[in-house]
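The values are calculated or read from the model by the stated rules, or taken from the named source; none is laboratory data. The structure displayed is predicted, hence computed values, not measured ones. In this analysis, Cβ positions are derived from the backbone assuming ideal geometry, glycine residues included, and neighbour counts consider all displayed protein chains. Accessible surface is based on the protein model in full, side chains and every heavy atom, while ligands, DNA and RNA are left aside. Shrake-Rupley method; radii C 1.70, N 1.55, O 1.52, S 1.80 Å.
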Amino acid sequence: EPQLSPLSTMFQFTAIPFLLFFGSPNRKTPLVLMRDRAVAVEVQNTLPSDFEARSAAEKEEEIMQRIMATKGERGNYSTMWGQLQFLLKDDLRPTVEHYADTVPFNREKRIHTVGYVGSICLESDGDHPFTGLFQGAPFGVIRMSSATPQDTSGMLPGVGVKFFRDGMPSANFVAMYSLDAQPEGNFFEHNFSNHVDDPNDPVQKLLAVQFRKASVPEGMVGLSDIARYNVDGTQAADGQPVYPFELILKPETSLREKFRDRSPEIDLIETFKQIPAGSLLYEMYGRPSPGAEPVFIGQMKTKSDIVDTSFGDLGLFFRHQRMGEDFEGRPDWEPAIDGNEERKCPHSG
């Protein structure tokens, strides 16, 4: 039987690690794919050094150029390994503390990893008490996604909304119908809110526990930053912002009806392809205080097509404002969190 020479044996032990890390001419190994993905994420995250100082219109233009440059490309839904890292390793504080418009980490997102992005504006009714960008936000983007992969059992829809301001960081909020999946395939089946109840699904319960480490209550995001400054970067209401306790996005009626019978496994891009620029997406309502009736704020309309985009999946970031920041300005709201001590702001007395 032929024996390997010492030189051949050495080649085996050096070639295998080499191929693991560097791949072969015809195939990339998982390690190389991970390395390439990290490099891609870092490139996606790099904005011009003067970006924050630009006008709201220029910022929207820069972001949309990157969106359209990667149109038709996508990220990947998180693997089981990614979910484990989210539960056991990831620090979620940057989700609430990072103000830039690109992600603060060189890894893929763990949830809502595949989304669809377009430019939007908020046209305010004007006949409401809320200040800042609630009075009108002409420059912004929306990212619409399912937190989990679509299949015949349903999907878990939500949106991230970003409004740009001159010379300062953008204002952001996220909204969903529920932390549990819906059986319908219609993205516009239900109203969305920045307040969602605790989930019933065991996996989603674990994810909520992880979010609680960064922000309490974990099922709510704040809105005060939206009300604090106008689109031109000036302070609103003499430094006394007025903001709603809860925001409600009501889908435009024709969209709700048009996609009512859609199967949940059909790719969402097939829905968004049918929504042209200039379409009314949502009517926005604000609940002035706990238990109060919502008041009409205005309409959110598209200014571009809604597209799948790897920049939106790998680079674009939406800050989740802590609800505790809203409670600082309105401490009278905090008792409305049903007396559950775990959900109260940790900075309260």
Legend entry - Hits in the stretch 316-341 - residues which are within 16 Å of Ile142 (Cβ to Cβ) and part of a loop (DSSP other than H, G, I, E, B): Phe317, Phe318, Arg319, His320
Inset, instruction - Tell me, yes or no, whether the stretch 278-290 has at least one residue that is in a loop (DSSP other than H, G, I, E, B), surrounded by 15 or more Cβ atoms within 10 Å (Cβ to Cβ) and touching a Gly at 6+ places or on another chain (Cβ under 6 Å). - result: no
Inset, instruction - Among residues belonging to the stretch 65-75 that are at pLDDT 95 or above and over 16 Å from the mean Cα position of the chain (by Cα), point out the one that is surrounded by the most Cβ atoms within 10 Å (Cβ to Cβ). - result: Thr70
Legend entry - Residues that are over 23 Å from Ile269 (Cβ atoms), at pLDDT below 95 and part of a strand (DSSP E or B), drawn from the stretch 161-214: His195
Inset, instruction - Being in a loop (DSSP other than H, G, I, E, B) and crowded, with 21+ Cβ neighbours inside 10 Å narrows it down to one of Ile275, Ile266, so name that one. - result: Ile275
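Are any of the residues in the stretch 103-123 of a type in the set (Asp, Glu), modelled with pLDDT of 95 or more and more than 21 Å from His320 (Cβ to Cβ)?
yes
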Inset, instruction - Specify the residue that is least open to solvent (accessible area, probe 1.4 Å); the eligible residues are those in the stretch 228-255 that are in contact with a Leu (Cβ under 9 Å, 6 or more places away or on another chain) and among the small types (Gly, Ala, Ser). - result: Ala236
Inset, instruction - Within the stretch 291-307, work out how many residues are part of a strand (DSSP E or B), under 18 Å from the mean Cα position of the chain (by Cα) and among the hydrophobic types (A, V, I, L, M, F, W, C). - result: 2
Inset, instruction - Report, ordered by the first and then the second residue, all pairs with beta carbons closer than 9 Å, sequence separation of six or more or different chains, a first member in the stretch 298-316 that is within 10 Å of Ile67 (Cβ to Cβ) and open to solvent by 10 Å² or more (accessible area, probe 1.4 Å), and a second member that is in a strand (DSSP E or B) and polar (S, T, N, Q). - result: Ser304/Ser119
Legend entry - Filtered residues of the stretch 109-147 (kept if open to solvent by 10 Å² or more (accessible area, probe 1.4 Å) and within 13 Å of the chain's Cα centre (by Cα)): Lys109, Arg110, Ile111, His112, Arg143, Ala147
